[in-house]
Amino acid sequence: MKIKNICCLGAGYVGGPTMSVIALKCPEIQVTVVDLNEARISAWNEEDLDKLPVYEPGLAEVVREARGRNLFFSTEVERAIEAADMIFIAVNTPTKTYGEGKGMAADLKFVELCARQIARVAKTDKIIVEKSTLPVRTAETLQTILDHTGNGVKFEVLSNPEFLAEGTAIDDLLNADRVLIGGKQTESGLQAIQSLVDIYRHWLSPEQILTTNVWSSELSKLTANAFLAQRISSINALSALCEVTEADVDEVANAIGTDTRIGSKFLKASVGFGGSCFQKDILNLVYLCRYFNLPEVANYWEQIIILNDYQKYRFAKNIINTLFNTVSGKKITFLGWAFKKNTNDTRESAAIYVAEHLIEDGAEIHIYDPKVSEEKIKYDMRYILELKGLTEQKIESKIKQIFVYKTAMDALDQAHAVAVLTEWDEFKMYDWATIYSRMYKPAFVFDGRNILDAEKLKAIGFQIKGIGKG
């Protein structure tokens, strides 16, 4: 089938950038991104491209070229579904917070709602593409819903998992290591796979496009993220050992990384990984292993999450211990709230959990992040406190311990300590001598990303503690 019209359900971190690049590279295909969130769609249609709901380097330029030509953002979901030859599902699939699989399994309610809506509205044959991160065998679930609740039209379900790293998503799309497409190995399934291959071949080589059966595609996404997170937790585990043996984790990582069998990527010690994928996908993998009665395998993968939680707790505890065993009433400045630089995404950010530990000890958390709003920061804290089962009165009390600033210098003024939680490049360029002069002494810096020049800061007078530095 030659695709002329694409619809994407979900205008978030995956759907928006992915569809923008497809529209840019396939000008003959109309691409419509739909979402029920009117505010989000309005932001995608903003004239001021600095106000797009997703911050990604290079995204504004792509949207500027394609939007209005063959890229459209709309809340008219049913119209877009009806017109489309191919429908991407890119809605949120959070970890369940209730019922069976609570805390581990993926919550597929939004995916199921999409399938039922497609089945109800569609009057012509469609290719359905799983773009959201989904558990293995979700395609089978989608196929069952579509085949049994539709209007007699034919659906082919493909798995096309995203492998984007936030902060480099546009480059990842334009210069992908690989695109993975899984589908049924039937005549119609192979034709559907080829239709999607033809879209990606507008800008990628055949060698970059891998095709598999649908189950392999779904499992590959979960395991890719699990392997990457495993490397981060491994180097973070070593960082704790480095600190008590006076080794330097960066030197250890460099020595390990020069082994070509291992490589240097994802061996950067830090306060812990975050983002929407790593933790969610590993927990999903753990749940699947337990479901299929593989407890030893489940325990192996779960240890990655346990270590990541430990790293965040260890960082917060180090701040408390260093500040004379109490941070009650003290001003702790956080530089960064996003889970990594070059994104405004805060999902599972280490900063949230470090803040929660410090607030529990009575600290005032003063925050500056160049891309994350005060509204978002306070929403994140409220959400984590609600999950802990706190009363509304206690939540409000703790939220009052959070202060958000428009400039870094205001956030740093009269601070007892500074904690670097996101590796924004601008933090390295600050006038640290002036910052030192305006802080309480001794002035402490806790570099949770190991991005600052420790020797330079020590020469100014700072007491600096990095991750994995003895």
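The values are calculated or read from the model by the stated rules, or taken from the named source; none is laboratory data. Quantities reported herein were computed from a predicted structural model and do not represent experimental measurements. Cβ atoms come from the backbone with ideal geometry, glycine included; neighbour counts cover every protein chain shown.
Within the range 139-178, restricting attention to residues that are part of a strand (DSSP E or B) and without any contact (Cβ under 8 Å) to a residue 40 or more places away in the chain, the residue that is nearest to Ala122 (Cα to Cα) is Phe155.
The set of residues in the range 50-77 that are among the small types (Gly, Ala, Ser) and either surrounded by 15 or more Cβ atoms within 10 Å (Cβ to Cβ) or touching a helix residue (DSSP H, G or I) at 6+ places or on another chain (Cβ under 6 Å) (or both) comprises Gly58, Ala60, Ala66, Ser74. In summary, strands (runs of 3 or more DSSP E) completely within the range 322-410 and bearing 1 or more residues that are charged (D, E, K, R) occur at 331-335, 364-368.
The listed residues are Asp447, Asp425, and the only one of them that is under 18 Å from Lys340 (Cα atoms), surrounded by fewer than 19 Cβ atoms within 10 Å (Cβ to Cβ) and out of contact with any Leu (no Cβ under 6 Å at 6 or more places or on another chain) turns out to be Asp425. Being touching a Ser or Thr at 6+ places or on another chain (Cβ under 7 Å) and either among the hydroxyl-bearing types (Ser, Thr, Tyr) or over 22 Å from Thr138 (Cα atoms) (or both) narrows it down to one residue among Val214, Val249; which is it? Checking each option against the conditions leaves just Val249. Identify all residues within the range 80-100 that are out of contact with any Asp or Glu (no Cβ under 8 Å at 6 or more places or on another chain) and either exposed (fewer than 14 other Cβ atoms within 10 Å of the Cβ) or among the β-branched types (Val, Ile, Thr) (or both); write none if there are none. Once the filter is applied, which keeps residues that are out of contact with any Asp or Glu (no Cβ under 8 Å at 6 or more places or on another chain) and either exposed (fewer than 14 other Cβ atoms within 10 Å of the Cβ) or among the β-branched types (Val, Ile, Thr) (or both), the range 80-100 yields Ile81, Ile87, Val91, Tyr98, Gly99, Glu100. Considering the conditions (1) surrounded by fewer than 20 Cβ atoms within 10 Å (Cβ to Cβ); (2) modelled with pLDDT of 95 or more; (3) not β-branched (Val, Ile, Thr), Leu36 is excluded by exactly one of them, (2). Taking the range 63-101 as the range and being in contact (Cβ under 8 Å) with a residue 60 or more places away in the chain, among the β-branched types (Val, Ile, Thr) and farther than 22 Å from Ile181 by Cβ as the test, the residues that pass are Val77, Thr95, Thr97. Entry remark, the range 10-30: residues being out of contact with any Phe, Trp or Tyr (no Cβ under 7 Å at 6 or more places or on another chain), buried (at least 24 other Cβ atoms within 10 Å of the Cβ) and not in a helix (DSSP H, G or I) number 3 in total.
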